[in-house]
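Undergrad: What follows is a structure written as C-alpha cells; I'll ask about it next.
Bear in mind that the values in this text are calculations on the coordinates, not laboratory data. Bear in mind the structure is a predicted one, so any value in this text is a computation, not a measurement. Cβ sites come from the backbone with ideal geometry, for glycine too, and all protein chains shown count toward neighbours.
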Amino acid sequence: MIVCGVELTGSDAVVCLLNMDRGQFNLPECKVRKLSLPKNHSREDLQRFQAAFAELMAEYGVSSVAIKERMPKGKFAGGAISFKMEAAIQLISSVELTVTMLPPALIKSTLAANPLPIAFADTGLKAFQETAFIAAYVGQLHGR
C-alpha cells in the first residue's frame, strides 16, 4: 500500500510517498516533491492543482493520503490557501483515495509508540519533506 504524506504550508503541498510491502518500508522514487497554488489564484488554478494532485496519485498507484492537520486559529494556524488545497485534495473524485487528517497529538503518540525505523537524514529526501515523510509513516501505521 502506497501512502502519500502531505504537509500543507503557505501555498505548497509538500508530498512524500511511502510504501509498505511485507513489513518493509520503502520510498518510491517520485518526480514531484511539492505542488503549488499561486497566492492570487483563480478557480481554474485550484482546479489545475486538484487535477495535478489526482494525476500524481494515479501515476504512482497511491490509495491513501495522510495530511498533517493544521490548526484553524492561534499561533500555528494554517492559512486560507492551505485549507483550500486540503479541500481540493479531499474532494478528488477521479481517483479512489482515502484522505486522512492527522492531528499533531496523534502523530506524536504514534511516533512515541512506533519510532521511525530509519533516521530521516538517511532517507535521501530533502529536508523540507520531513513532515510529509512523518505524515506518510503515521498514515501507513494507521491505514493497516
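Undergrad: Every residue in region 53-83 that is in contact with a helix residue (DSSP H, G or I) (Cβ under 7 Å, 6 or more places away or on another chain) and in a helix (DSSP H, G or I), please.
TA: Within region 53-83, just F53 meets the criteria.
Undergrad: Give region 121-134 a look and list any residue that's surrounded by 15 or more Cβ atoms within 10 Å (Cβ to Cβ) and either in contact with a strand residue (DSSP E or B) (Cβ under 8 Å, 6 or more places away or on another chain) or assigned to a helix (DSSP H, G or I) (or both), or say none.
TA: Of region 121-134, the ones surrounded by 15 or more Cβ atoms within 10 Å (Cβ to Cβ) are 123, 125, 129-134.
L125, Q129, E130, T131, A132, F133, I134 - these are the residues of region 121-134 that are surrounded by 15 or more Cβ atoms within 10 Å (Cβ to Cβ) and either in contact with a strand residue (DSSP E or B) (Cβ under 8 Å, 6 or more places away or on another chain) or assigned to a helix (DSSP H, G or I) (or both).
Undergrad: Since L35 meets every condition but one in (1) of a type outside the set (D, E); (2) in contact (Cβ under 8 Å) with a residue 12 or more places away in the chain; (3) surrounded by 11 or more Cβ atoms within 10 Å (Cβ to Cβ); (4) farther than 14 Å from L8 by Cβ, which condition does it not meet?
TA: (4)
Undergrad: Something else now. Kindly indicate whether any position in region 76-85 is hydrophobic (A, V, I, L, M, F, W, C) and crowded, with 17+ Cβ neighbours inside 10 Å.
TA: Applying the first criterion (hydrophobic (A, V, I, L, M, F, W, C)) to region 76-85 yields 76-77, 80-81, 83, 85.
Remaining after also requiring crowded, with 17+ Cβ neighbours inside 10 Å: 81, 85.
Looking for residues that are hydrophobic (A, V, I, L, M, F, W, C) and crowded, with 17+ Cβ neighbours inside 10 Å, one finds at least one in region 76-85, hence yes.
Undergrad: Any residue in region 109-125 that is at negative phi and without any contact (Cβ under 8 Å) to a residue 24 or more places away in the chain sitting within a Cβ distance under 8 Å of a residue that is in a helix (DSSP H, G or I) and among the acidic types (D, E)? List the pairs, counting only those 6 or more apart or interchain.
TA: Filtered contacts from region 109-125: F120/E130.
Residues are listed down the side, and each one gets a yes or a no for (1) touching a Phe, Trp or Tyr at 6+ places or on another chain (Cβ under 6 Å); (2) free of Cβ contacts under 8 Å to residues at least 12 places away in the same chain; (3) on the phi > 0 side of the Ramachandran plot:
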site	(1), (2), (3)
V15	no, no, no
M20	no, no, no
Q24	no, yes, no
K31	no, yes, no
D45	no, yes, no
L56	no, no, no
G61	no, no, yes
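Undergrad: For region 15-39, give me the residue count where each residue is part of a strand (DSSP E or B) and under 16 Å from V138 (Cα atoms). Before you say what the answer is, go through the steps one by one.
TA: From region 15-39, those part of a strand (DSSP E or B) are 15-21, 24-26, 34-36; that's our starting set.
Now drop any that are not under 16 Å from V138 (Cα atoms), which leaves 15-21, 24-26.
Count: 10.
Undergrad: Further question: Restricted to region 107-120, and to residues that are of a type outside the set (A, V, I, L, M, F, W, C) and in a helix (DSSP H, G or I), which residue is farthest from E29 (Cα to Cα)? Explain how you work it out, then say what you get.
TA: Taking region 107-120 and keeping what is of a type outside the set (A, V, I, L, M, F, W, C), we get 108-110, 114-115, 117.
If we keep only those that are in a helix (DSSP H, G or I) too, we end up with 108-110.
Working: K108: 27, S109: 28, T110: 25 Å.
Among those that are of a type outside the set (A, V, I, L, M, F, W, C) and in a helix (DSSP H, G or I), it is S109.
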